[in-house]
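Input: a single structure, listed below in structure tokens.
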Amino acid sequence: MTLDTYRASRFDVMQVAKNVHAPLVSTFLDGRPQGMVAEDWQVDGTGRTWRFRIRRGLTFDDGTPITPEVVVRSIRRMLWLTRKDGLALNELLPESAAWSGYEAPLGCLYADGDAVVFHFSKRPRNLFQIIGQPIYGIVHPKCFDGDGRWKEPFCTATSGQYAITERSSDTIVLRSRHVYPEVDDAPDIVEIHTPSGATGERSNPVTDGRADLVIEPGFAVSRRTKTQLRSMGWSVVEEPGVEMYFVQLNGRRRPFDDGALRRSIRDAFLDALRRDPRFLSEDGVNPSFIPKGGVGHRTFRVPVRPRVRKAGAREVAVVLYPLGSYPFPADRGAQEAVEDSLLRVLRSHGLTPRVERFTERSEPLRRMEEGDFDAMLRWTGILVHDPYADLRMMLMSRVGALIPDHAGFFPRLIAQAEASADPMERQRLIERINASIFEEASIITFTHSGFVFMHRPGVDLSRHDPFADPMEFRAVIWRPTGLDSPNLHLIPG
């Protein structure tokens, strides 16, 4: 694991990074923009020049002052590292794309007195959503070198509400610094546990009383489990269905450089999964890249018992995440159904799967980033109503989900959708992206769901924005339940 904000779009990083690296502004408390590192902000009459006044007296947890100059250095670092990626903030600051050198000044971003000033090329839309992403959390200058590279994986100088006090292979302990607005009874200490292991044969965090809050992918939580939890006095809060779950076939190397083979596997996999009674998703099998209700959602037909296109006999590396420790053992069946369907379909195509399952997340993430796999089960999230910034990060950058763009025209379609004033045209453009992803079949989306937050009565999520991911603990009401400290269990999906 690392606390490098450049990696903060990764699930294993963002849950901690969001709480230890504070952005200028956040919308996670009550869904409204609230100053974090920035005390307040002003916008000129054109809507293009923004002044963010930095909170006076703010420091990192080692006592180093957080000044406008420090904030500029942190944001410049991310602009530099993503200067060729076409992210939304870079598009608003096009000067960064032609940056001649890391130390060269930027006229579009600088410190002025007690403020950080942005000069955008156009009036930004959803700016707070953009700059509130974990990748733009403010980090200590000691953590990165003169080229913006992160020095030590676990550089823990904290600008955020929480500081790390302990860590082990599967546990991180956070302690609140109480420097930003927070709800009454926000937790002082949070223990984050991420179970690892391929068998899932670990003690149950729900029934053995160790967990206050458990977060699990929605498609893997059955109605029976939700009913059981409620009978135990727990609450079940379901996030909107913005998380997509998919198989990725590596189209950059054999045998999956064959588009016809990928499409054959897509159809056979979706059909097999649809027939598996262990698959619990209430959304059913849904091969659309864009979730239901989102701009550009399409319904694609799943063939019934499709014809199989045989491949030559070949071993393929299938990378799987840990099965994890589910609150109720029966719910493991959902993930097992997905894995079994994929492996069975690969064999039906004449391929021999070599399963590589890892006991924690960093190794499969590294393999994904390096393209060192043939097939992989993955997931990521996308905004339903305003997908453009997410699509930029997914399809055009090296810091997002690294969705392949074999056709090579996604950047043009995204730019056209952003520039259009016609909602129907924007929808048609996103539909074209959706259809192209389906047809290319490197990404085989099989369902959408949100995370399910299962918690004891002492936890109250009513002030936390349900569309916000990951969780900011300063927005969670966490009253004592008899445990030494609040315990959050993140269940690998």
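Only the Cβ atoms of Lys and Arg (+1) and of Asp and Glu (-1) were treated as charged; on that basis the dipole of region 182-493 about its Cα centre amounts to roughly 1640 debye.
The charge dipole of region 6-47, taken about its Cα centre with unit charges on the Cβ atoms of Lys, Arg (+1), Asp and Glu (-1) only, comes to about 300 debye. Over region 67-226, the Kirkwood radius and the radius of gyration, each from Cα atoms, give a ratio Rg/Rh of 1.06.
Applying a DSSP loop filter and a limit of 12 other Cβ atoms within 10 Å to the GluC sites (Glu not before Pro) in region 40-111 leaves Glu103.
What does the C-alpha gyration tensor say about the overall shape of region 125-177? Classify as rounded when a/c is under 1.5, otherwise prolate if a/b is larger than b/c, or oblate. Here region 125-177 falls in the oblate category. As a proxy for reagent exposure, Leu249, Leu87, Leu58 were ordered by neighbouring Cβ count within 10 angstrom, fewest first; the result is Leu58, Leu87, Leu249. Using just its DSSP H runs of length 4 or more, each adding -39500 (n - 2.57), the chain gives a mean residue ellipticity at 222 nm of -7500 deg cm²/dmol after division by all residues. Put in line by how crowded their Cβ is, counting other Cβ atoms within 10 Å and starting with the fewest, Phe451, Phe467 read Phe467, Phe451.
Just going by the charge dipole of the chain, with Lys and Arg at +1 and Asp and Glu at -1 on Cβ, which of Phe219, Val302, Gly45 is farthest out on the positive end? Selected residue: Val302.
Here, region 236-307 has an Rg and a Dmax of 14.1, 44 Å when only alpha carbons are counted. Specify whether the C-alpha gyration tensor of region 5-143 places it in the rounded, prolate or oblate class, a ≥ b ≥ c being the square roots of the eigenvalues: rounded for a/c under 1.5, otherwise prolate if a/b is larger than b/c and oblate if not. It comes out rounded by the Cα gyration axes.
Shape call for region 249-382 from the C-alpha gyration tensor, a ≥ b ≥ c root eigenvalues: rounded (a/c under 1.5), prolate (a/b greater than b/c) or oblate? It comes out rounded by the Cα gyration axes. Per residue, the average separation of C-alpha pairs within less than 8 Å and at least 6 apart gives the chain a relative contact order of 24 percent.
Look at the alpha carbon pairs under 8 Å that are at least 6 residues apart: their mean separation over the length of region 94-173 gives a relative contact order of 16 percent. Summarised in one figure, the compactness ratio Rg/Rh of the chain, Cα atoms and Kirkwood Rh, is 0.96. Of the residues Asp405, Asp185, the one with the fewest other Cβ atoms within 10 Å heads the list, and the complete ranking is Asp185, Asp405.
Please get the size of the charge dipole for region 118-199, origin at its Cα centre, with Cβ charges of +1 on Lys and Arg and -1 on Asp and Glu, quoted in debye to the nearest 20.
On the way: 9 positive and 10 negative charges, 126 e Å.
Dipole size: approximately 600 debye.
For region 5-143, the relative contact order comes to 35 percent (Cα pairs under 8 Å, sequence separation of at least 6). Measuring from each cysteine beta-carbon in the chain, the ones with no other cysteine beta-carbon under 4.7 angstrom are Cys108. Would you mind checking Lys18/Lys122; Lys142/Lys292; Lys18/Lys292 for any pair whose Cα atoms are more than 32 angstrom apart? Over 32 Å apart, Cα to Cα: Lys142/Lys292.
Bear in mind that the values in this text are calculations on the coordinates, not laboratory data. All of these numbers come straight from a predicted model, not from anything done at the bench. Counting neighbours? That spans all protein chains shown, and the Cβs are built from the backbone with ideal geometry, glycine included.
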